[in-house]
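Please read the structure below before turning to the comments.
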Amino acid sequence: MDAIKSGKLPFDGDTDKAAKAIYEMAAGEGVGAEREAELFLPLDRDMITRVCLIRDQYTHALEVLGDFSGNLYMERQD
């Protein structure tokens, strides 16, 4: 939290590479060729770690509560 409050986040990302990746994804060129339909572009190593963490949390939630969550619909009364 101190790093966030100070505004001095440790940053080692290459902004030129990120900008190029964003452009190529939007234009469907280079790394974005045949991937332009993708809606989410995780940029840099920290985002890959975060995406994996969130994926694992969702997977766990479905394993533990999936049967319960999937049965919360209203029963039809004919």
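Every number in this text was worked out from the coordinates using simple rules, so none of it is lab data. Treat the numbers as computed from the prediction; the structure is a model and nothing was measured. Ideal geometry is used to build each Cβ from the backbone, glycine not excepted, and the neighbour counts take in all protein chains shown.
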query: If you rank Met47, Met74, Met25 by fewest surrounding Cβ atoms within 10 Å, what's the result?
result: Met74, Met47, Met25
message: Under the rule a/c < 1.5 gives rounded, and otherwise a/b versus b/c splits prolate from oblate, where does the stretch 1-40 land using the Cα gyration tensor?
response: prolate
message: Using helices alone, I'd like the mean residue ellipticity at 222 nm for the chain: each DSSP H run of four-plus residues gives -39500 (n - 2.57), total over residue count, nearest 500.
response: -18000 deg cm²/dmol
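Would you work out the Kirkwood radius for the chain? I mean one over the mean of 1/r across all pairs of different Cα atoms, in Å. Write out the running numbers ahead of the final one.
Working: mean 1/r = 0.0608 Å⁻¹.
So the Kirkwood estimate lands at 16.5 Å.
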message: Output the 0 to 90 degree angle, nearest 10, between the alpha-carbon long axis of helix 15-27 and the longest principal axis computed from the alpha carbons of the chain.
response: 60
